[in-house]
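Below is one structure, written out as structure tokens; comments come after it.
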Amino acid sequence: MTDPYQNQPGFGGPQYGPPGTGPDLNKQPEVPRQPQYPSDPYNQQPQYGQQPPQYGQQPPQYGQQPPQYGQPDPYGQQPGGYPSAPYPGGGYNPNDPEAPYGRDPFGVPFSDKQKLTAGLLQIFLGGFGIGRFYTGHTGIAIAQIAVTWLTCGIGGIWPLIDGIMMLTGKVPDSLGRPLRD
């Protein structure tokens, strides 16, 4: 039985029949070239007195002139690019003045302080109470300094554990708001 696809060009399947009757797999396929249009402004250098095409503009259709400087944009793009989308998870939100950095799942507004910053400050500089000073807890910061220095560094385990708790989000700021991500 003969294979109906055996002698068709471009078929790269298994070889059936006697050698030399299948497709030539060493031949490279011919790639069609794109025609270059002489009036296409995106394939030419701008002439003296012409503005080059701006990034973000769509190229004009064939036979259509590109928009000139000072004329309205026929593609409907506004100056400055795309409008910014609202960021739901955090960042500054001017529409909610009580919670400019967003709210947690329970509706409590986030603090302007960050968990990562507070936790790393407390872990690396907790003997000086820096993480607690950052969150606004000055009394606890002074107590951590006193305990760490009066115990000759043994009390430094307290700021270390406190920094880990800050990283996990268990410690609020001085106003009771949870630290933001």
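Exactly one residue out of I154, I145, I140, I123 is exposed (fewer than 15 other Cβ atoms within 10 Å of the Cβ), in contact with a helix residue (DSSP H, G or I) (Cβ under 9 Å, 6 or more places away or on another chain) and free of Cβ contacts under 8 Å to residues at least 60 places away in the same chain, and it is I154. Filtering L160, L167 for residues that are in contact (Cβ under 8 Å) with a residue 40 or more places away in the chain, under 17 Å from K115 (Cα atoms) and either assigned to a helix (DSSP H, G or I) or open to solvent by less than 80 Å² (accessible area, probe 1.4 Å) (or both) leaves a single hit, L167.
The values are calculated or read from the model by the stated rules, or taken from the named source; none is laboratory data. If you're wondering where the values come from, they're calculated on a predicted model, not measured in any experiment. Note that each Cβ is placed from the backbone with ideal geometry, even for glycine, and that neighbours are counted across all protein chains shown. These area figures cover heavy atoms from the full protein model, side chains too; ligands, DNA and RNA do not enter into them. Shrake-Rupley method; radii C 1.70, N 1.55, O 1.52, S 1.80 Å.
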